[in-house]
Amino acid sequence: MSDPTLRIAFIGGGNMASAIIGGLIQRGLPASQIEVVEPFPEAQQALQTKFGITAHAQAGEFLRGVGMVVWAVKPQTFKEAAAPVQAHTQSALHLSVAAGIPSASIARWLGTDRVVRSMPNTPALIGQGITGLFPRPGVTPQDRHRIEEVVATTGEFVWLEREEQIDTVTALSGSGPAYVFYFLEAMTDAGASMGLTREQAYKLAVQTFRGASALAHASSEPPDILRQRVTSKGGTTHAAISSLEAHQVKPLFVQALQAAQQRARELGEEFGRD
């Protein structure tokens, strides 16, 4: 961290908060500079065991003077959780990892425009995530740099120009790991049905996704070119791709992501109300 004196508070101490906390501590931020509000005893004990952090059951004076607040609460509890916090943190920078809550609602509930809304995904738990970030007008360049330092502990990030793009990020990468796991299920089932053990099929499928993703990341070529290089006309891959195209798998998959995007919009309208 470029600011070793930073005090940071987490409202909610679940998996995503733990991923960020672990990354911050690994990068040198002392656990003593991290405050957590977490009402559930099991989660409190997990934070104590893993990081040596004593979590508070509710907000209080200990939040006064923190430089950043990370909101890792469920969308339906955000407004209720904000009420006792905002009196102590109006001078802080706020980062929300809560799905669906519009930044305008967050700014209104917290009494500050220094709010960044984000959409991470679950690979953040192993430092391999990707997060979409949208800053409100009150966020300064220095604030953005500080947010980047925190989010980088969980993987990569992308700044967005318009808040509605968060719904697209939600559909694409926020929900994206589930799509990968869905295809891993299908590939494992297929391998097992064709004579492999489930363990063999799963290992082959996982490493194929891992290797292909690494190859795409390392290449400057678009995915259609990479796909064509594996697809010889009349060969085995061509047979598989032709079957997928005959069943219109690609347009159906696009429709699935559009459905996720629409649901993200609906959640924002539902949970962002006063």
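Data for the structure
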item: Where labels lie 7 Å past Cα in the beta-carbon direction, separation of T140 and T231 in nm; result: 5.2 nm
item: Order of T188, T236, T208 - criterion: other Cβ atoms within 10 Å of each residue's Cβ, fewest first; result: T236, T208, T188
item: Charged-residue dipole, Cβ positions (Lys, Arg, Asp, Glu), segment 8-165 about Cα centre, Debye nearest 20; result: 100 debye
item: Value of relative contact order over segment 176-267, rounded to a whole percent, pairs C-alpha under 8 Å and six or more apart; result: 12 percent
item: Using alpha-carbon coordinates, inclination of helix 78-89 to the longest axis of the chain, degrees; result: 40 degrees
item: Computed over the chain: relative contact order in percent, which uses C-alpha pairs under 8 Å that are six or more apart; result: 15 percent
item: Dipole in debye (nearest 20) - the chain, about Cα centre, beta carbon charges: Lys, Arg +1; Asp, Glu -1; result: 320 debye
item: Theoretical FRET efficiency, 1/(1+(r/R0)^6), r = Cβ-Cβ of H247 and A31, R0 51 Å, to 0.05; result: 0.45
item: Alpha carbon convex hull of the chain, projected area averaged over orientations, nm²; result: 16.8 nm²
item: Length released on extending from A240 to S220, taking residue separation times 0.36 nm less the Cα-Cα span; result: 4.7 nm
item: Stretchable slack from V206 to T54, in nm (0.36 nm times residue separation minus alpha-carbon distance); result: 51.0 nm
item: Cα long-axis angle, helix 41-51 against the chain (0 to 90 degrees, to the nearest 10); result: 80 degrees
item: Model label zone, M194; criterion: amide N under 12 Å from point 7 Å along Cα-to-beta-carbon; scope segment 235-272; result: 236-241
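Values in this text are rule-based calculations from the coordinates and carry no lab data. The shown structure was predicted, so the numbers you read here are calculated from the model rather than taken from an experiment. Heads up, the Cβs are rebuilt from the backbone with ideal geometry, glycines too, and the neighbour counts pull from every protein chain shown.
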